[in-house]
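Student: Here's a structure for you.
The values are calculated or read from the model by the stated rules, or taken from the named source; none is laboratory data. On a predicted model such as this, the values are computed, not experimentally measured, just so you know. For neighbour counting, all protein chains shown are included, and Cβ atoms are generated from backbone atoms with ideal geometry for every residue, glycine included. Protein only, heavy atoms only, side chains kept; ligands, DNA and RNA dropped before computing areas. Shrake-Rupley method; radii C 1.70, N 1.55, O 1.52, S 1.80 Å.
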Amino acid sequence: MLAFATMAVAYDWNEDWIDRADQQDRLSYGSGSTWLHAIVGTCAAFYLLALTGIGLLYHHFSDCSENTWIITLTLIGMVAFTFIQLSGTDGSLLTSSIMSVYVVYLAYSMVSKNPDGQCNPQLGGNDAWGIAIGLTLTAVSLAWTGFSWTAEERLNLDNVQSARSVTGLNTSAGAVGVNLDQPFLDPEDQPATGLVTESDSAPSAANGGMAGSSVWKLNVVMALICCFVAMILTGWGTITVIKEDENNAANPTVGKVNMAMIGISQWTAIFLYIWTLVAPRLFPDRDFS
């Protein structure tokens with residue numbers, strides 16, 4: 001779920017700034033370049049942050065081959081989805097840069113959970129920053145999930161008033177154009193024509209059923225996310241002992257199980273993002289917008 005939220009936020013961020021640039025250009029040609037420069041600058045900053053993170057991971061966590069493989073595969077994944085994005089017209093460099101930072105964060109989470117003291121210099125200490133960042137990202141994911149799920153109910157077509165033309169259209173003989181036999185009238189003065197639809201103030205029983213269905217599904221998703229976070233913070237019920245004679249237990253988030261779960265999450269995010277890039281090329285007749 002966090003991978004979905006990160007990707008959605010990245011795509012929406014890029015779309016929002018491009019829309020702002022287009023709006024500025026419509027008002028004054030060339031004035032939208034400020035937003036485009038902001039996109040390029042943000043991309044550069046995120047890629048610099050991701051590459052700096054890779055360098056720090058190599059410096060502090062490369063004392064064993066296991067961590068080196070994790071860091072190297074993360075770098076390969078970053079380069080792969082960036083190359084795929086640049087080779088086509090789908091996706092955006094801003095989205096790729098945000099996903100790069102996200103997968104580097106997951107790589108750090110993985111290697112910092114290694115129970116081998118030779119591989120993990122942070123073993124034995126509480127990773128307060130890692131827990132804080134993880135909880136923050138989870139809170140953002142929960143907020144985005146709730147907003148996006150309820151936005152469909154708020155912004156569906158049933159609640160949008162259709163536009164009405166101020167002119168009559170003559171569609172006889174297959175031609176579409178302005179009917180000059182009818183006067184040009186304001187929308188409020190036009191005679192009522194067309195189909196009668198339901199009023200917004202009286203939603204149908206079907207819509208009410210769909211809303212109820214969405215509510216319980218949203219609650220289930222929220223509950224599963226909360227349970228998943230709780231299990232991560234408690235190390236899936238396992239605690240690794242560092243020094244048996246001193247009964248010194250490691251951070252409960254440390255362990256091979258946590259490493260495996262974070263690794264699965266990382267590559268799920270990478271493959272999902274790659275799929276959003278290649279799916280429009282594989283199935284050009286489908287709408288993936």
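Student: Using a 1.4 angstrom probe on heavy atoms only, work out the carbon and sulfur share of the accessible area of segment 1-105 in %.
Tutor: C and S atoms contribute 67 percent here.
Student: Shape verdict for segment 62-103, please, from the Cα gyration tensor: rounded (a/c under 1.5), prolate (a/b greater than b/c) or oblate.
Tutor: Prolate, because a/c is 1.5 or more and a/b exceeds b/c.
Student: Another question, if that's okay. Multiplying the sequence separation of SER65 and SER33 by 0.36 nm and subtracting their Cα-Cα distance, what value in nm do you get?
Tutor: So the chain would gain 6.9 nm between SER65 and SER33.
Student: Also: Cα-Cα pairs above 18 Å in segment 1-125: how many percent?
Tutor: Considering segment 1-125, 59 percent of its Cα-Cα pairs are separated by more than 18 Å.
Student: Something else about it: If packing is taken as the average number of other Cβ atoms within 10 Å across a peptide's residues, how do 23-34, 40-51, 86-97 rank, most packed first?
Tutor: Per-residue Cβ counts within 10 Å, averaged per peptide and sorted highest first, yield 86-97, 40-51, 23-34.
Student: Per residue, how much accessible surface does segment 26-95 expose to a 1.4 Å probe? Answer in Å², no decimals.
Tutor: 58 Å²
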